[in-house]
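A short write-up of the structure that comes next.
The values are calculated or read from the model by the stated rules, or taken from the named source; none is laboratory data. Keep in mind the model is a prediction, meaning the values are calculated, not measured. Glycine also receives a Cβ, built like all others from the backbone with ideal geometry; neighbour counts cover every protein chain displayed.
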Amino acid sequence: MLAILHLLAMFVADLFKPRRQLEVENLFLRHQLNIALRRAPCRLRLRGSDRALLVWMSRLWPSLLRSARVVQPDTILRWHRAGFRAYWRWKSGTRPGRPPVSRELRELIHRMSKENPLWGAPRIHGELLKLGFEIAESTVSKYMIRHRGPPSQTWRTFLRNHADAIAAIDLCVVRTLTFECLFAFLIIGHGRRQLLWFAVTRHPTAEWLAQQMVEAFPWDTAPSYLVRDNDGAYGQTFKDRVRAMGIRDRPISPRSPWQNPPMLNA
């Protein structure tokens, strides 16, 4: 800091000197600088004030970059860009990203997941919201204890245990040699992936589909769950007949044929 004040004082004093005297002093100082640089190390160690002064003077007078001898002009420009980034980083204030999670909240999540191994991230997240903690579900999942095994049976185990009670239906379009359009009604069991019922019609109405369900599952052979798409042919009559047979109707999501895989492989 003292060096900068000394240079500013010399600058003010040079304003009152004749031009010829300034040129002679400038030449004399350049010659001394060349002599000093001959024995100087390959890389000089500059202070922060030295860098700030070089950047400030080159900012005010860009032509001074051609006279740089101690460092390369590109180095001065790099210092200036680094200072510009540091200034705006300080100006922006808060750090980007999510707010930090306190240690007490992390310990609470850890304790809740440890004492309740059957609770998942949605359950713990809901309990924390009731307590007044504003936190995302993904953050709760991040700080939970990782158990070695699943808290309950997997989806594959569930399907293996209940596959015999699930059936899937679908309507397939069949083109004939005479360019007629027929509709094939298929019922496939999830247990052995076998065809349980097959029927063909030209006009698939809700009443006809309901009658096919009765003929396919007489007496007490109806499955517990029925998987189907959202075709408009499955009207209210079909839904009422399925409900009367004790079957739980489970339509798949719109535009999601992958949710009914037996029909995709049929």
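Going by the conditions given, is W219 without any contact (Cβ under 8 Å) to a residue 40 or more places away in the chain and either outside the structural domain of D170 (by TED's automatic domain parsing) or on the phi > 0 side of the Ramachandran plot (or both)? Can you show your working first?
On the way: without any contact (Cβ under 8 Å) to a residue 40 or more places away in the chain: yes; either outside the structural domain of D170 (by TED's automatic domain parsing) or on the phi > 0 side of the Ramachandran plot (or both): yes.
Here the answer is yes, as W219 does meet what is asked.
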Would you point out which residue out of I109, I188 is farther than 30 Å from T221 by Cα, modelled with pLDDT of 90 or more and either in the same structural domain as Y234 (by TED's automatic domain parsing) or part of a helix (DSSP H, G or I) (or both)? I109
I want to confirm something. Restricting to the range 186-195 and keeping residues that are under 16 Å from L171 (Cα atoms) and in contact with a helix residue (DSSP H, G or I) (Cβ under 6 Å, 6 or more places away or on another chain), which single residue is surrounded by the fewest Cβ atoms within 10 Å (Cβ to Cβ)? I187
I need a count of the residues in the range 235-266 that are free of Cβ contacts under 8 Å to residues at least 24 places away in the same chain and hydrophobic (A, V, I, L, M, F, W, C). 3
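Residue under question is R146, and the condition is that it be at pLDDT below 90 and surrounded by 11 or more Cβ atoms within 10 Å (Cβ to Cβ); does it hold? Write out each step before concluding.
On the way: at pLDDT below 90: yes; surrounded by 11 or more Cβ atoms within 10 Å (Cβ to Cβ): no.
No; evaluated as a whole, the condition is false for this residue.
Could you please let me know if D231 is charged (D, E, K, R), part of a loop (DSSP other than H, G, I, E, B), surrounded by fewer than 17 Cβ atoms within 10 Å (Cβ to Cβ) and touching a residue at least 12 places away in the same chain (Cβ under 8 Å)?
Details: charged (D, E, K, R): yes; part of a loop (DSSP other than H, G, I, E, B): yes; surrounded by fewer than 17 Cβ atoms within 10 Å (Cβ to Cβ): yes; touching a residue at least 12 places away in the same chain (Cβ under 8 Å): yes.
It is true that D231 is charged (D, E, K, R), part of a loop (DSSP other than H, G, I, E, B), surrounded by fewer than 17 Cβ atoms within 10 Å (Cβ to Cβ) and touching a residue at least 12 places away in the same chain (Cβ under 8 Å).
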Considering each residue of the range 205-230, count those that are within 45 Å of the chain's Cα centre (by Cα) and more than 17 Å from D249 (Cβ to Cβ), and give that number. 0
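State whether one or more residues within the range 153-166 are touching a strand residue (DSSP E or B) at 6+ places or on another chain (Cβ under 9 Å), in a strand (DSSP E or B), surrounded by 13 or more Cβ atoms within 10 Å (Cβ to Cβ) and in the same structural domain as A210 (by TED's automatic domain parsing). Break it down into steps so the answer makes sense when it comes.
Initial filter on the range 153-166 (touching a strand residue (DSSP E or B) at 6+ places or on another chain (Cβ under 9 Å)): 159, 162-166.
Narrowing further to those that are in a strand (DSSP E or B): 166.
Applying the additional criterion that residues be surrounded by 13 or more Cβ atoms within 10 Å (Cβ to Cβ) yields 166.
Now restrict to residues that are in the same structural domain as A210 (by TED's automatic domain parsing): 166.
Yes, because at least one residue in the range 153-166 is touching a strand residue (DSSP E or B) at 6+ places or on another chain (Cβ under 9 Å), in a strand (DSSP E or B), surrounded by 13 or more Cβ atoms within 10 Å (Cβ to Cβ) and in the same structural domain as A210 (by TED's automatic domain parsing).
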Any idea which of (1) farther than 30 Å from G126 by Cα; (2) modelled with pLDDT of 75 or more; (3) surrounded by 11 or more Cβ atoms within 10 Å (Cβ to Cβ) is the one F84 doesn't satisfy? (2)
Which residues, counting only those in the range 234-266, are over 15 Å from G191 (Cα atoms), under 42 Å from the mean Cα position of the chain (by Cα) and part of a loop (DSSP other than H, G, I, E, B)? Y234, G235, I247, I252, S253, P254, R255, S256
Exactly one of T205, T237, T221 is β-branched (V, I, T) and touching a helix residue (DSSP H, G or I) at 6+ places or on another chain (Cβ under 7 Å), and that residue is T237
